[in-house]
Amino acid sequence: MNSLTQTQRRRFPAAGLALGLAALAILTACGKRTAASNEDGAGSSSSAATLTVPDKNHPSPAYRSVPATADDDVLTYHNDLARTGLDPGETILTPANVNAASFGRLFSDPVDGFVYAQPLYMSGVSIPGKGTHNVVYVATENDTVYALDADRAGPPLWRASLLEGGSAVPSTAFACGQIVPRVGITGTPVIDRATGTLYVVAMIEHTASGHTTYAQRLHALNIATGAEKPGGPVTIAGSVPGKGAGNNGGKLAFDGFLHLNRPGLALANGVIYIAFGSHCDLGDYHGWVMAYGAGDLRLRAAFSTTPNGSQGAIWETGDAPAVDAKGNVYVLTGNGTFSAASRGADYSDSFLKLALSGNTLRAIDFFTPYDEKGLDEQDLDIGSGGALLVPDQTGQHAHLVVGAGKNGVIYVVDRDHLGRYNANGDAQIVQAVRGQISPNFSTPAYWNGHIYIGSASQPLKAFAVTGKGLSAAPVSQSPDSFDYPGTTPAVSSNGNKNAIVWGLDTGGYVAGSPTILRAYDATDLAHELYTNAHTGRGGPGVKFATPTVAHGMVYYGTQNSLEVYGLLRH
């Protein structure tokens, strides 16, 4: 068991504990921002919504003559293992009908906590006693998973509490305002349609006889009922050899209290990959990737990014580990110890390529910028944003991975030869695009030879991509800037036509202002198709929220609701 008692848990530095929450300088998933008391205050009313709120002027339309199919499903973060954010089979929403006259808010379903995880969509789910439904699955920081009807307002088809007699962990337990007001389910779950299973990680605390214990558990839920499947849940635990911070006799063990499952879960080849960062930058933390068998929920392997050092967290603004066609796993890491240049095993501020063989998960390649030391000293995490595996290109570099971090540099790296480390510069990689974006806390999206990236307080920008890299400057950009922390975009298209880029502006999350949904023509981001910026409607925003587009609808989570948009019926 990896449940730590209050007296046993590792103490944070005294200076960190001495800071009051009102003045605490926090990392917002690697982004520093001063916590404001009204951010916690907004959380105190996170369950205020008690009724489903349809738009009475525009009820859920019955306009779709073609039923949803498995091709419409969004079962993992950013749509696929490459994390492209692309729905390439959207035949309902087009640049011609996504406008203020034809498109808007359909309804809102209440939930019991902040929704940091991306909503997932599955078509044609048979719910016992309730018929067949298209379902949106929503996970909250109150450790609740909801199955909601994707097409119309109404009570949950089912809801499952994963509290196990305990509670979600209050942010005050960490002296950290990174995730507020409590920490429960943060990483996006993943669904296996073949077995009808939703995998999700929940953090809980139990208090008995004056002792408080903490644990993070991997659950396997039946998608039709929410019931726990045999073998679940399991407490996440693992260790690696190492002499890094917090080791015990040359053994470094995963600490379920110190670490945060911010990234989404990945499912590939029968293995669930779970990555971890930290709560702010507190304690003897490390970056971790755990590999569990999807069938038996047994630990296959554990990997630490800094086994002989410290830090190197994996946040990626919620992006899940990316997986290529060969099963290799890609993550980006935050600042901390870096020793790989001298054949060490510490990989902070790096692009990492991992391979699972038997019960061993190891780094088989990496790229670390030449100025890693300065990045570390300035807390400029490469891993503040997520990695995108670009679909295969023609030319010299067919297999690219793209990512950007707090230093505002877009790195374009050949996945077949990541380039490792060169103290004299980054000439060994395909490209480092400088001066075009600000600090980045997002995952790029891809469509038809373009990537779309939304860095902090900047317009959403499109870059052309080929086997030679990215265009040196954006080929188009939105007329609007997205307030901090920027936006992780999604793209819907009907193949290579009718493409729309969707972005959420959550910059008002501290004040509890509604999320702003924006839609742009993917061929020219200067053409804004739709925005709800002037309606003032919807639940209060959650930073880093990511939209889900499926079968003519757009879904996103807030501090107390699932918001649903689509074509209006007049």
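The values are calculated or read from the model by the stated rules, or taken from the named source; none is laboratory data. Keep in mind that what you see is a predicted model, and the values were worked out from it rather than measured. Note that each Cβ is placed from the backbone with ideal geometry, even for glycine, and that neighbours are counted across all protein chains shown.
Which of the strands (runs of 3 or more DSSP E) found entirely inside the stretch 188-250 contain at least 1 residues meeting this: farther than 30 Å from G85 by Cβ and of a type in the set (A, V, I, L, M)? Outline the logic, then answer.
Values: elements: 190-192, 197-208, 211-222, 239-241.
The qualifying strands (runs of 3 or more DSSP E) are 197-208, 211-222, 239-241.
It is to be established whether one or more residues within the stretch 273-288 are over 15 Å from F254 (Cβ atoms), under 16 Å from the mean Cα position of the chain (by Cα) and among the acidic types (D, E). Lay out the reasoning, then the answer.
Residues of the stretch 273-288 that are over 15 Å from F254 (Cβ atoms), as a first pass: 280-282.
If we keep only those that are under 16 Å from the mean Cα position of the chain (by Cα) as well, we get none.
Within the stretch 273-288, none of the residues are over 15 Å from F254 (Cβ atoms), under 16 Å from the mean Cα position of the chain (by Cα) and among the acidic types (D, E).
Restricting to the stretch 331-382, and then to whatever is among the charged types (D, E, K, R) and in contact with an Asp or Glu (Cβ under 8 Å, 6 or more places away or on another chain), can you tell me which residue is nearest to Y421 (Cα to Cα)? Let's see the steps before the verdict.
First pass over the stretch 331-382, keeping only residues among the charged types (D, E, K, R): 343, 346, 349, 353, 362, 365, 371-373, 376-377, 379, 381.
Checking which are in contact with an Asp or Glu (Cβ under 8 Å, 6 or more places away or on another chain) leaves us with 349, 353, 372, 376, 379, 381.
On the way: D349: 11, K353: 14, E372: 9, D376: 15, D379: 19, D381: 16 Å.
Here the answer is E372.
Given the options V475, V433, name the one that is surrounded by fewer than 21 Cβ atoms within 10 Å (Cβ to Cβ), of a type in the set (V, I, T) and at pLDDT 95 or above. Can you show your working first?
Values: V433 fails: surrounded by fewer than 21 Cβ atoms within 10 Å (Cβ to Cβ).
Criteria check complete, one pass: V475.
Take the stretch 254-265 and flag every residue that is in a loop (DSSP other than H, G, I, E, B) and either surrounded by fewer than 15 Cβ atoms within 10 Å (Cβ to Cβ) or not acidic (D, E) (or both).
Our first condition is that a residue be in a loop (DSSP other than H, G, I, E, B); within the stretch 254-265, this holds for 254-258, 261-265.
Listed by number, the residues that qualify are F254, G256, F257, L258, N261, R262, P263, G264, L265.
Report every pair of residues separated by at least 6 positions or lying on different chains whose Cβ atoms are under 9 Å apart, first residue within the stretch 535-559 and over 23 Å from T84 (Cα atoms), second surrounded by fewer than 24 Cβ atoms within 10 Å (Cβ to Cβ) and of a type in the set (K, R).
T535/R105; R537/R105; G538/R105
Tell me, please, whether a residue that is among the charged types (D, E, K, R), over 22 Å from D255 (Cβ atoms) and touching a helix residue (DSSP H, G or I) at 6+ places or on another chain (Cβ under 9 Å) can be found in the stretch 187-196.
Our first condition is that a residue be among the charged types (D, E, K, R); within the stretch 187-196, this holds for 192-193.
Next, only the ones that are over 22 Å from D255 (Cβ atoms) stay: 192-193.
Going one step further and asking which of them are touching a helix residue (DSSP H, G or I) at 6+ places or on another chain (Cβ under 9 Å), we end up with 193.
Scanning the stretch 187-196, I find at least one residue that is among the charged types (D, E, K, R), over 22 Å from D255 (Cβ atoms) and touching a helix residue (DSSP H, G or I) at 6+ places or on another chain (Cβ under 9 Å), so the answer is yes.
Considering the stretch 317-334 alone, what residues qualify as being buried (at least 20 other Cβ atoms within 10 Å of the Cβ) and either more than 20 Å from the chain's Cα centre (by Cα) or not in a strand (DSSP E or B) (or both)? Steps first, answer last, please.
Going through the stretch 317-334, the residues buried (at least 20 other Cβ atoms within 10 Å of the Cβ) turn out to be 317-323, 329-334.
Listed by number, the residues that qualify are T317, G318, D319, A320, P321, T333, G334.
Does the stretch 330-343 contain any residue that is of a type in the set (G, A, S), under 24 Å from G374 (Cα atoms) and free of Cβ contacts under 8 Å to residues at least 24 places away in the same chain? Please lay out each step first, then the result.
Filtering the stretch 330-343 down to residues of a type in the set (G, A, S) leaves 334, 336, 339-342.
Now narrow it down to the ones that are under 24 Å from G374 (Cα atoms): 334, 336, 339-342.
From the residues that got through so far, the ones that are free of Cβ contacts under 8 Å to residues at least 24 places away in the same chain too are 342.
There is at least one residue in the stretch 330-343 that is of a type in the set (G, A, S), under 24 Å from G374 (Cα atoms) and free of Cβ contacts under 8 Å to residues at least 24 places away in the same chain.
Could you grab the pairs with beta carbons closer than 6 Å, sequence gap of 6+ or different chains, first residue in the stretch 173-187 and within 13 Å of Q559 (Cα to Cα), second one assigned to a loop (DSSP other than H, G, I, E, B) and among the aromatic types (F, W, Y)?
That search, which allows pairs on different chains as well, returns T186/Y116.
Could you check how many residues of the stretch 484-522 are free of Cβ contacts under 8 Å to residues at least 40 places away in the same chain and surrounded by fewer than 21 Cβ atoms within 10 Å (Cβ to Cβ)?
Qualifying residue count for the region: 3.
Out of (1) out of contact with any Lys or Arg (no Cβ under 9 Å at 6 or more places or on another chain); (2) in a loop (DSSP other than H, G, I, E, B), what's the single condition that is false for A432?
Only one criterion in (1) out of contact with any Lys or Arg (no Cβ under 9 Å at 6 or more places or on another chain); (2) in a loop (DSSP other than H, G, I, E, B) is unmet by A432, namely (2).
Taking into account only those residues within the stretch 458-497 that are part of a loop (DSSP other than H, G, I, E, B) and under 22 Å from the mean Cα position of the chain (by Cα), which is nearest to P263 (Cα to Cα)? Show your work before the answer.
In the first step, residues of the stretch 458-497 are kept if they are part of a loop (DSSP other than H, G, I, E, B); the result is 467-468, 471-475, 483-486, 488-489, 495-496.
After this cut, where a residue has to be under 22 Å from the mean Cα position of the chain (by Cα) as well, the list is 483-486, 488-489.
Numbers: D483: 22, Y484: 19, P485: 16, G486: 17, T488: 13, P489: 16 Å.
Here the answer is T488.
When only residues in the stretch 232-253 that are crowded, with 22+ Cβ neighbours inside 10 Å and in contact (Cβ under 8 Å) with a residue 60 or more places away in the chain count, which is farthest from the chain's Cα centre (by Cα)? Steps first, please.
Residues of the stretch 232-253 crowded, with 22+ Cβ neighbours inside 10 Å: 236, 244, 252.
With in contact (Cβ under 8 Å) with a residue 60 or more places away in the chain added as a condition, the list becomes 236, 244.
Details: I236: 19, G244: 27 Å.
If we take residues in the stretch 232-253 being crowded, with 22+ Cβ neighbours inside 10 Å and in contact (Cβ under 8 Å) with a residue 60 or more places away in the chain, then G244 is farthest from the chain's Cα centre (by Cα).
Being among the aliphatic types (A, V, I, L, M) and farther than 30 Å from A511 by Cβ is true for just one of A173, A139, A168, A220. Which residue is that? Break it down stepwise before answering.
Details: A173 fails: farther than 30 Å from A511 by Cβ; A139 fails: farther than 30 Å from A511 by Cβ; A168 fails: farther than 30 Å from A511 by Cβ.
So the residue among A173, A139, A168, A220 that is among the aliphatic types (A, V, I, L, M) and farther than 30 Å from A511 by Cβ is A220.
Could you tell me how many of the residues in the stretch 163-176 are part of a loop (DSSP other than H, G, I, E, B) and either in contact with a Pro (Cβ under 7 Å, 6 or more places away or on another chain) or closer than 23 Å to L562 by Cα (or both)?
Start the filter on the stretch 163-176 by keeping residues that are part of a loop (DSSP other than H, G, I, E, B), which leaves 163-166, 168, 175-176.
Cutting the leftovers down to either in contact with a Pro (Cβ under 7 Å, 6 or more places away or on another chain) or closer than 23 Å to L562 by Cα (or both) gives us 163, 168.
Adding up the residues that qualify gives 2.
For the subset of the stretch 335-374 comprising residues that are among the acidic types (D, E) and either part of a strand (DSSP E or B) or more than 17 Å from A313 (Cβ to Cβ) (or both), which member is farthest from the chain's Cα centre (by Cα)? Break it down into steps so the answer makes sense when it comes.
Of the stretch 335-374, the ones among the acidic types (D, E) are 346, 349, 365, 371-372.
In the following step, the residues that additionally are either part of a strand (DSSP E or B) or more than 17 Å from A313 (Cβ to Cβ) (or both) were identified as 365, 371.
Numbers: D365: 23, D371: 27 Å.
Ranking the qualifying residues of the stretch 335-374, first place goes to D371.
Which members of the stretch 285-306 meet the condition of being in a loop (DSSP other than H, G, I, E, B), crowded, with 24+ Cβ neighbours inside 10 Å and not hydroxyl-bearing (S, T, Y)?
Applying the first criterion (in a loop (DSSP other than H, G, I, E, B)) to the stretch 285-306 yields 285, 287, 294-298, 305-306.
The next check asks that each one be crowded, with 24+ Cβ neighbours inside 10 Å; those that pass are 285, 287, 305-306.
Across the stretch 285-306, the qualifying residue is only G287.
What pairs come out if I take residues in the stretch 55-81 that are in a loop (DSSP other than H, G, I, E, B) and of a type in the set (D, E) and pair them with residues that are surrounded by fewer than 17 Cβ atoms within 10 Å (Cβ to Cβ) and modelled with pLDDT of 95 or more whose C-beta lies under 7 Å away, six or more apart or interchain?
Matching pairs, first to second residue: D73/R193.
Residue-wise test of (1) more than 21 Å from T317 (Cβ to Cβ); (2) polar (S, T, N, Q).
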{"residue": "Y411", "(1), (2)": "no, no"}
{"residue": "D414", "(1), (2)": "yes, no"}
{"residue": "V433", "(1), (2)": "no, no"}
{"residue": "N448", "(1), (2)": "yes, yes"}
{"residue": "S478", "(1), (2)": "no, yes"}
{"residue": "D483", "(1), (2)": "no, no"}
{"residue": "G486", "(1), (2)": "no, no"}
{"residue": "T506", "(1), (2)": "no, yes"}
{"residue": "V510", "(1), (2)": "no, no"}
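In this structure, does D281 turn out to be at negative phi, crowded, with 20+ Cβ neighbours inside 10 Å, at pLDDT below 95 and not aromatic (F, W, Y)? I'd like the intermediate steps shown before the answer.
Values: at negative phi: yes; crowded, with 20+ Cβ neighbours inside 10 Å: yes; at pLDDT below 95: yes; not aromatic (F, W, Y): yes.
Spelling it out, D281 is indeed at negative phi, crowded, with 20+ Cβ neighbours inside 10 Å, at pLDDT below 95 and not aromatic (F, W, Y).
Pick out the one residue from A147, A160, A153 that is at pLDDT 95 or above, assigned to a loop (DSSP other than H, G, I, E, B) and buried (at least 17 other Cβ atoms within 10 Å of the Cβ). Break it down into steps so the answer makes sense when it comes.
Values: A147 fails: assigned to a loop (DSSP other than H, G, I, E, B); A160 fails: assigned to a loop (DSSP other than H, G, I, E, B).
Unique residue meeting the criteria: A153.
Given (1) under 23 Å from S481 (Cα atoms); (2) surrounded by 24 or more Cβ atoms within 10 Å (Cβ to Cβ); (3) among the aliphatic types (A, V, I, L, M), where does A533 come up short, assuming only one miss?
Failing condition for A533: (2).
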